[in-house]
Amino acid sequence: MNIGIIGSGIVGQKLAADLAQHGHSVTIGTREPAKLAEFKLTAPDVQIGSNADAATHGEIVLLATNWGGTHNALELAGISHLAGKIVVDITNPLDFSSGKPALALGWNTSAGEQVQAWLPQSKVVKALNIVTADAMMNPQSYIGGSPDMFIAGNDADAKQAIAAWLEGVGWGIVDLGDIAQSRLLEPLAMIWITHGFNSGWKITKHAFKLLNKSGS
Ligand SMILES: NC(=O)c1ccc[n+]([C@@H]2O[C@H](COP(=O)([O-])OP(=O)(O)OC[C@H]3O[C@@H](n4cnc5c(N)ncnc54)[C@H](OP(=O)(O)O)[C@@H]3O)[C@@H](O)[C@H]2O)c1
């Protein structure tokens with residue numbers, strides 16, 4: 001599959017490398033391609049381009065930007081290049097101004113809803129925002145079995161496609177409903193972030209699982 005990635009930080013680079021290794025054709029977008037020269041040596045199959053190149057290349061586009069730069073990154077990608085496509089929103093709207101990670105918005109809206117509003121013709125699916133980049137394409141070897149990936153989005157077919165893809169990678173899938181359920185998924189990420197932060201980031205590979213009591 002052709003996959004575009006907007007955002008070239010820890011998440012963008014790790015996903016690009018892992019997805020290329022899984023056989024996908026990946027273009028990662030950045031405002032500054034030169035800064036990915038070292039990364040390119042470690043992942044030679046990944047194509048590096050502008051955000052617009054990533055948006056054009058991807059049948060599916062993964063959004064892995066710093067929240068504060070997300071709107072600008074999408075404008076650079078070209079809203080029209082993303083029309084009709086599935087955009088997987090991995091962002092968390094974080095505010096580090098107090099020295100401790102906190103949500104910059106919530107309760108009445110969410111990053112997922114904001115991204116869908118910025119991309120009215122795209123099918124935004126919130127996913128992958130509740131685990132570390134290392135685990136996104138590697139949910140194996142968890143004590144207690146496979147963890148679950150919680151997803152949300154307005155388009156049933158888009159969610160089904162993302163669910164099938166992530167199940168193939170090894171995730172259990174819990175579909176929470178429409179994109180407004182990002183109001184739950186972003187605070188859920190805060191449990192992951194706070195637990196890691198409180199451990200001094202010694203714990204980073206934790207993940208969630210929805211357990212059902214037998215017979216229920
Ligand atoms: N780190 C994790 O393990 C993890 C896990 C789950 C979810 N998340 C979420 O995933 C997203 C990406 O995480 P990260 O740690 O990889 O983020 P990051 O390094 O902070 O930022 C990712 C990219 O955002 C782009 N960006 C920043 N400011 C911009 C601006 N003004 N205009 C356009 N683009 C801008 C940059 O792209 P260029 O400079 O290349 O253009 C940057 O490489 C975040 O929202 C984060 O909360 C992270």
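Rule-based calculations on the coordinates, nothing more; no lab input. Remember, it's a predicted structure, so these values are computed and weren't measured experimentally. Reconstructed Cβ throughout: ideal geometry from the backbone, glycine too, with neighbour counts over all protein chains shown.
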*With charges only on Cβ, +1 for K and R and -1 for D and E, what is the dipole size of the chain about its Cα centre, in debye, rounded to 20?*
480
*First obtain the Kirkwood hydrodynamic radius of the range 2-198 from its Cα pairs, then insert it into the Stokes-Einstein equation at 20 °C and 1.002 mPa s, and state the resulting D in µm² per second as a whole number.*
128
_DSSP beta bridge pairing in the chain, given as percent antiparallel to the nearest 5_ = 15
_In Hz, Karplus ³J(HN,Hα) per residue of the range 127-136 (6.51, -1.76, 1.60; θ = phi - 60°; x = Gly, Pro)_ = 6, 6, 7, 9, 9, 5, 3, 4, 8, 4
*asked:* With every atom except the alpha carbons ignored, what do you get for Rg and Dmax of the range 36-130, in angstroms?
replied: 14.4, 43
*Local charge sum around Ala43 (other residues, Cβ-Cβ under 11 Å, Lys/Arg +1, Asp/Glu -1)?*
-1
*Positive-pole candidate from Gly99, Gln114, Ala135, dipole of the range 2-198, charges at beta carbon*: Gly99
*Hey, what do the phi angles of the range 7-20 turn into as Karplus ³J(HN,Hα) couplings, whole Hz, using 6.51/-1.76/1.60 and θ = phi - 60°, x for Gly and Pro?*
x, 10, x, 3, 5, x, 5, 5, 5, 4, 5, 5, 5, 5
_Only Cα pairs within less than 10 Å get springs; with that Gaussian network setup on the chain, which residue of Lys14, Lys35, Lys159 has the largest fluctuation?_
Lys35
*Under 9 Å from the Cβ of Tyr142, count the other residues' Cβ atoms, weight Lys and Arg +1, Asp and Glu -1, and hand me the total.*
+2
*asked:* I want the local charge near Ser110. Using Cβ-Cβ distances under 15 Å, sum +1 for each Lys or Arg and -1 for each Asp or Glu among the other residues.
replied: -3
*asked:* Over the range 2-198, how many pairs of lysines fall under 18 Å by alpha carbon, counting only those 8 or more apart in sequence or from different chains?
replied: 7
